[in-house]
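Working notes, beginning with the structure itself.
Nothing in this text is a laboratory measurement; each read-out follows from the coordinates by a stated rule. Note that the structure is a prediction, hence the values are computed from the model and not measured. Here Cβ is always computed from backbone atoms with ideal geometry, including for glycine, and neighbour counts include all displayed protein chains.
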Amino acid sequence: MRTTPTTKAGTGTGTDARTVAELIARQWGDHRPGLKHGAEAGPGATRAPATVLSRHRTAQEAAARAALLADLLPPGAEPHVGVLLDNSPEFPFWLGAAALAGAAVAGINPTRRGPELARDILHTDCRLLVTDPDRLPLLRGLDLPGVRVIVTGTEEYEALLAPYATATPGEARLRPGGPRPDTRLLLYFTSGSTGAPKAAVCSQGRLAAAGHSLARHFRLTPDDVHYLCMPLFHGNAVMACWLPALATGAPVALRRRFSASAFLDDVRAYGATYFTYVGRAVQYLLATPPGPHDREHTLRLGFGTEAGAVDAARFTERFAVRLVEGYGATEGGASVQRTPDTPPGALGRAGAGDDLAVIDPETGRECPRAVLDARGRLCNGEEAIGELVNRGRSHFEGYWRNPEAEAARTRHGWYWTGDLFFRDPDGFLYFAGRTDDRLRVDSENLAAAMIENILARWEPAAAVAVYAVPDEVAGDQVMAALALREGAAFDPDAFAAFLAAQPDLGTKMAPRYVRILDAMPVTATNKVHRAALRRTGFLPGPSRGGAPGPEPVWHRVAGAYRPLDGPALEALLSAYEDQGRRDLLDR
């Protein structure tokens, strides 16, 4: 990787760092603020003053853990450490430790449960797992052979670290010469259409370059304060918030878990100027009661995905903060960058070096450009929507121990994103959803097959299909179609109780909508006809199997399932109309 001169947003050394390890080491001896945390309070509670650690101190803590990591990893083991934590200081300490040592962090998602949680840990070959007392109960009863669990915040943990307190950044190295740009640093889970999540490989060189690139793009400087409230087990928080702060020498302010009610108080307490978001975070913030001081803060910019054009405008109007929507997969295969002339609703154009095209997966041909009406709504979705493909040089570095998924992602020498887009006559790209079996619910990527496997355990179900329907604000919601066994009837309370009893049903997996079928629609090859199900979504549809009237649809409200008809359906459709997303239900 070629080094290039930095801009005003650079580190001040004159060159971009080639590795994340170098970014960590550059903090040594720098006593400016590096990490702020602890200034949190619940509604009505007293806010504690923030604890501020210098950049030198954060590098020191990373170096100590790097030395510990080098000593604890068994000989010959993959240098992987799983991190199952909230956004406590320990998380960036261990990210920095892995970078210095030449190891890799697998971000473990705490919304996973039971065997699926164990699978994530074992699949990534983690011989060490770092967690805390709050998350420790999730591991009870799990079979994790060969995995050593380290619990932070305990006397045992402090004793374990004590001998390494004087370690320096260059001491703990797992390979001669130290980490290189191609040394893997992250194994971050994404989802696929065929089952279990895949672990995307991210190298130190690609991550360091991403940090510098975002810092330059948004003109971030050492005077900014990055408010990190999205979970660090996701790529967004690391790539779009933590790394740009490392690149510029700016401090990071940590929030253990996102809180809409505490957001502005946090921003004021930390003096935050920049934050990142995913999923429905922006909608949660807009749902808080407006106040006369909503514009009295230091925040100037938010960067993320899935806010939606309507709510992004509302956020700017209410809080006087500009939101920039972006697109870029954790895998690094493609990126879309917003330009000043990007029209409302569009994400932008292809990033530098990308040759992006919207391709019909069945024919391999480029889809026609979109035809938009006067309101900007798509008129030719059936022919204009296709999968976003990068036909140029891709930064995709593969999936950990999953050659089949790699081959599917890179077929015909192109990178296939798995995401649906359309392109307007001027070349701007618009996001249109996920391909067949992928869902994104409240910033979580889910695989339909996994949810189907769980729902199939429900005794009255003869056949199950799970698919995405558009959320009224952003992203997707989970919808399930259930064909019942002969003589069975849908009992909504029993179904809700069944879901609550499933140990591996993640917190975002419970279906929001359930359609009860007489028979599952199938294709000529007896595969579930998902396209037909998605076209109808949760709207009233014709009955299959000869029964009179439309198939009943139920929706989940406060954990209970209620019929979706009459006033309930009208209110829901009105919400889609208000958000400018009603047309998504007709595609």
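Which of the peptides 282-289, 73-80 is most tightly packed, and how do the rest follow, going by the mean number of other Cβ atoms within 10 Å of each residue?
Highest to lowest by the protection proxy: 282-289, 73-80.
Report the GluC sites (Glu not before Pro) located in the stretch 145-246 that are in a DSSP loop and have at most 16 other Cβ atoms inside 10 Å of their Cβ, or state none.
On the way: sites: GLU155, GLU156, GLU158, GLU171; in loops: GLU171.
The qualifying sites are GLU171.
Scanning the chain for helices, which whole DSSP H stretches are 24 Å or more long along the axis (Cα) and average -1.0 or more by Kyte-Doolittle?
On the way: long enough: 55-72 (26 Å, -0.22).
Span-like helices, by this rule, are 55-72.
Find out how many positive minus negative residues lie around TRP400, taking Lys and Arg as positive, Asp and Glu as negative, among other residues whose Cβ is under 12 Å from that of TRP400. Intermediate values should be presented prior to the final figure.
Numbers: positive: ARG184, LYS198, ARG401; negative: GLU78, ASP120, ASP125, GLU331, GLU397, GLU406.
My count for the surroundings of TRP400 gives -3.
Using a Förster distance of 51 angstrom, determine the FRET efficiency expected from the C-beta separation of LEU301 and ALA462, and round it to 0.05. Before the final figure, lay out the partial values.
Working: r = 52 Å, r/R0 = 1.01.
Efficiency at R0 = 51 Å is approximately 0.50.
Return, ordered by residue number, the residues of the stretch 292-311 whose backbone nitrogen is under 11 Å from a label point located 7 Å along Cα→Cβ of SER574.
Of the residues in the stretch 292-311, none has backbone N under 11 Å from the label point off SER574.
Along the Cα→Cβ direction, 7 angstrom out, place labels at ALA489 and ALA560. What is the inter-label distance in nm?
Calculated label separation equals 1.8 nm.
Taking the Cα centre as origin and putting +1 on Lys and Arg beta-carbons and -1 on Asp and Glu beta-carbons, what dipole magnitude results for the chain, to the nearest 20 debye? Could the numbers behind the result be given before it?
Values: 65 positive and 68 negative charges, 225 e Å.
Value, rounded to 20: 1080 debye.
Using 0.36 nm times the number of residues separating CYS379 and GLN502, minus their current alpha carbon distance, what extension gain do you get? Walk me through the numbers before you get to the answer.
Details: separation 123, 0.36 × 123 = 44.28 nm, distance 4.22 nm.
Extending this stretch completely gives an extra 40.1 nm.
Between ARG401 and ASP71, what FRET efficiency comes out of the Förster formula 1/(1 + (r/R0)^6) with R0 = 30 Å and r the beta carbon distance, rounded to 0.05?
Details: r = 26 Å, r/R0 = 0.86.
With a Förster radius of 30 Å, E is 0.70.
Relative contact order of the chain: what whole-number percent is it, with Cα pairs under 8 angstrom and at least 6 residues apart? All intermediate terms of the calculation are to be shown ahead of the outcome.
Working: 1281 pairs, mean separation 63.4, N = 587.
Taking the mean separation of contacting Cα pairs over the length of the chain, I get 11 percent.
Antiparallel versus total DSSP beta bridges in the stretch 173-309: what percent is that, nearest 5? Walk me through the numbers on the way to the answer.
Details: 6 of 15 bridges.
DSSP beta bridges in the stretch 173-309 are roughly 40 percent antiparallel.
At R0 = 25 Å, how high is the FRET efficiency between ARG582 and ARG369 if r is their beta carbon distance? Nearest 0.05 is fine.
Values: r = 23 Å, r/R0 = 0.92.
It comes out at approximately 0.60.
Write down the percent of antiparallel bridges among all DSSP beta bridges whose residues are both part of the chain, to the nearest 5.
Details: 52 of 85 bridges.
Around 60 percent of the beta bridges assigned by DSSP in the chain are antiparallel ones.
Determine which residues of the stretch 18-35 fall in the zone a paramagnetic label at ASP223 would reach in this model, i.e. backbone nitrogen under 20 Å from the point 7 Å along Cα→Cβ.
In the stretch 18-35, the label zone of ASP223 (backbone N under 20 Å from the point 7 Å along Cα→Cβ) covers 31-35.
Label points 7 Å out from Cα along the Cβ direction at THR288 and ALA449: separation in nm?
Distance between the two pseudo-spin positions: 4.1 nm.
Rank by packing, highest mean first: peptides 233-243, 124-134, with packing defined as the count of other Cβ atoms within 10 Å averaged across residues.
On the way: 233-243: 24.8, 124-134: 19.6.
Per-residue mean Cβ counts within 10 Å order the peptides as 233-243, 124-134.
Relative to the Cα centre, what is the charge dipole magnitude of the stretch 21-325, using +1 at the beta carbon of each Lys and Arg, -1 at the beta carbon of each Asp and Glu, and rounding to the nearest 20 debye? Show your work: numbers first, answer last.
Details: 32 positive and 29 negative charges, 108 e Å.
Result for the stretch 21-325 is approximately 520 debye, rounded to the nearest 20.
Would you mind calculating the gained length between THR51 and ASP182 on full extension (0.36 nm times residue separation, minus the Cα-Cα distance), in nm to one decimal?
43.7 nm
From the square roots a ≥ b ≥ c of the eigenvalues of the alpha-carbon gyration tensor of the stretch 21-325, which class results: rounded (a/c under 1.5), prolate (a/b over b/c), or oblate? Mind dumping the intermediate values first?
Details: a/c = 1.64, a/b = 1.42, b/c = 1.15.
Cα axes put the stretch 21-325 in the prolate bin.
When the Cα centres of the stretch 313-351 and the stretch 18-96 are compared, how far apart do they sit, in Å?
Here the two parts' Cα centres lie 30 Å apart.
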